[in-house]
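See below for the structure under consideration.
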Amino acid sequence: MADKIWAIAKDPFWPRGIEPYMPLLCRISRLLPLLALLMAASVSRADTFFLVQPTLETEVGQYTNHTAFLYFDQEFANLEYGARVDTPSAVATLDLASTFGTLKSSSIGEVVYQGGPLNQFMRVRLIMGLKTKNDFVGTLKITFFARLPGATTDLTYRTVTVSIGQLPPPGMGYPVANENLGCAPAFQGLLTTAYPQSVMYQIEMTGPTQRTVTLPLQSTGTTFSFFTLESDGYQPGNYTWRVRTLDSRGRPGPWSTPRSNTLFGGIDMAGTATTSFLNTMRAAGWSTFFQAAWGGHGYWTSAATNLIRANQAGYKVAAYAFLNFDNGSTVPGAPANQTGQWQVDQGLKAIGFVTNKTSLPYDLKYFMVDIENVYQGTMSPDDRVQRIAEAVQRVRNLGFWPMLYTRNEGSNQWWNQYTNSSNDFRELWLWDSKPQLITHVYKDHLTLSNSSAWVPYGGWEVRGGKQFLLDQTVAGGNVDFNVWDPAVWDVNSPNPGSIAVTPANVSVIRELDNTYKITVTLRNNGTIEAYAVRLGDAQLGTQSVTGRQTLGMITPNGSRMGVYSFPFAAGNPGTTAFLQFTVWTGDGPQNHGVWVDLP
């Protein structure tokens, strides 16, 4: 033992100046076997192990050193030890120096030394020199190992992960920049690296809700998606967001170029909404609440209570009536002709409206008219349009903003099929239905239907809202989710009023082909907007034309013109003829007649 102590003193790694104490150490060494026996019962001996001093972070293509010390817990006649790198294909240069032993083998991925005898009073220092290829970015695993000669498994090893360079941010497909989103956006992107890597992505949202989310480890070269929970969304407002990549040991790369989005989402439902549910969803960012009031044939009995609770929870509130076209309601007092006015009144009755809007304990932003593919009956498209107009005008007359909800895509051509592609309501906000899967990352993009641009219809150039999820059970409630243009909800309900649409002028021109072109100008002398104004059948002399032509909305004191064309047989030039025509509004048809001079 004393000889070994003197040998240790000659080790270049031991501190100098220890020689005067060597006689004392030799005496102590004679007691070590006895001390070992006394301690064996309670203290296990140290294992053969590595102490590693790596260079944890370096730049791409840089040559770096990594040091390891191998300690022993027993004597070995011979031992193999060295280092290997994973992934070897990323390595440009791998050097390894050892303070003991001789080089046994060397490859680009592993270098092995062999030496002996070795004992617990010795240590071996290994110094690795490593340079990766210039196209490698990410993490490498460096393993220092020791094994018995000929063994296929390591006696001991120590693996460390080192970062080479900084990984770039992923390319992001969604959300699309400058798009209106709901309150629970989904993110999707892809990062492809020359060598596959396990990485984490970090998303930072800056806006009314500040949040940074780090995703679990996943492989590069594979599209990743992250879905914000509907019960843990963002408060409405304007946001910027960016993404960066973290390698497997957490070294961050640069942030992506920020993108901007407006988040504004709402919920709608027909069933019961508990106070707890409403508070949870409002805290999650959903700020508007649409309540079903009239179902076409009957009432939604929870409507009044739900709206009061939603208002108390801080939502902007609205209600809707599901319109029937089959006159199929059998509620007490239901008339044979269940006009749009009557059905709106039933919906308002369901939410507690009595006589005027002051009977409601909240500001009802909208009363929406719902057009779907049930209860369609056998009405003609013109008559369905008139029923819709009746409902819309009734809503506005009573002091609420009207809105339309419908759908018109793929196999669900509700609007075109049931209204013959009417353009009469183009001035109203459209709440469009495009239900999608909760796993669709684009589901809440206002201007997208699936991953493609929304196809306009009905005269609408944009839609104010999109219903994108149906019948979701969240926080104890069954609910639908919507994304909105915030401008839709930046309103107060208007004052009630009435319309008075009358002919203001009729002019006649004889065309070169001797037909008569008659222009009718209608004026709204009322106090509110007249929606879906149409010119109907007309007769000049003995000649008639049929059909209804769209004029659209006429504002108070505003006017719009429509044109009839009659054949020469309607009357001889220089004579007078009687013109009869019908004006259609939501208040019903009005017949007018006037004598005109034929030029």
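Please treat every number below as a calculation from the coordinates, not as lab data. The shown structure was predicted, so the numbers you read here are calculated from the model rather than taken from an experiment. As a convention, Cβ positions derive from the backbone with ideal geometry for all residues, glycine included, and neighbour counts pool all protein chains shown.
Per 0.36 nm of contour for each residue apart, how much would the distance between THR272 and GLU57 grow if the chain were fully extended, relative to their Cα-Cα spacing?
71.7 nm
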Helix runs (DSSP H) in the chain reaching 20 Å along axis by Cα, Kyte-Doolittle at least 1.6: 22-39
Listed residues GLY221, TYR195, ALA304: farthest to the positive end of the dipole of the chain (Cβ charges): TYR195
Counting DSSP beta bridges with both ends in segment 265-489, the antiparallel % (nearest 5): 35 percent
D (Stokes-Einstein, µm²/s), Kirkwood Cα radius, segment 106-240, 0.692 mPa s at 37 °C: 170 µm²/s
Residues of segment 162-176 with amide N under 13 Å of a point placed 7 Å along Cα→Cβ from ASN134: none
Dimensionless Rg ratio for segment 202-305, taking C-alpha atoms and the 2.2 N^0.38 Å reference: 1.48
For segment 357-368, Karplus couplings with θ = phi - 60° (6.51, -1.76, 1.60), whole Hz, Gly/Pro x: 5, 5, 6, 9, x, 7, 8, 7, 5, 9, 10, 8
Translational diffusion coefficient (Stokes-Einstein; Kirkwood radius from C-alpha pairs) of segment 321-398 at 10 °C, 1.306 mPa s, in µm²/s: 121 µm²/s
Derived scalar couplings ³J(HN,Hα) [segment 508-521; Karplus, 6.51 cos²θ - 1.76 cosθ + 1.60; whole Hz; x for Gly, Pro]: 10, 10, 9, 6, 4, 8, 6, 7, 9, 9, 10, 9, 10, 9
log10 of Debye I(q)/I(0), alpha-carbon scatterers only, for segment 141-192 at 0.27 Å⁻¹: -1.04
Per-selection Rg to Rh, segment 496-572 - Cα, Kirkwood hydrodynamic radius: 1.06
Average silhouette area of segment 455-599, convex hull of alpha-carbon atoms, in square nanometres: 12.6 nm²
Local electrostatic count at GLN393 - Lys and Arg +1, Asp and Glu -1, tallied over other residues with Cβ under 14 Å: -2
Proximal charge balance of LYS357 [Cβ under 15 Å; K/R count +1, D/E count -1]: +2
P(r) of segment 71-142 over all Cα-Cα pairs, binned every 10 Å from zero, in whole percent: 19, 44, 25, 10, 1
Cα centre as origin, Lys/Arg/Asp/Glu Cβ charges: segment 265-489 dipole, Debye: 480 debye
Where N is the number of residues in the chain, Cα Rg divided by 2.2 N^0.38 Å: 1.61
Other-chain or far-sequence residues with amide H under 5 Å of VAL474's (modelled H): VAL479
Computed FRET value (nearest 0.05) for ASP232 with TRP255, which takes r as the C-beta separation and R₀ as 22 Å: 0.40
Globularity index of segment 423-509, i.e. its alpha-carbon radius of gyration over 2.2 N^0.38 Å: 1.54
Calculated P(r) tail over 31 Å for segment 265-489, as whole % of Cα pairs: 17 percent
Difference of contour (0.36 nm per residue) and Cα-Cα distance, GLU461 to THR240: 76.9 nm
Segment 501-597 - percent relative contact order, Cα under 8 Å, separation 6 or more: 29 percent
LYS133 long-range amide H proximity, modeled H, under 5 Å: VAL91, ALA92
Residue (of SER433, PHE136, ILE351) at the positive-pole extreme of the chain, dipole from beta-carbon charges: PHE136
Rounded to the nearest 20 debye, dipole of the chain from Cβ charges on Lys, Arg, Asp, Glu: 1500 debye
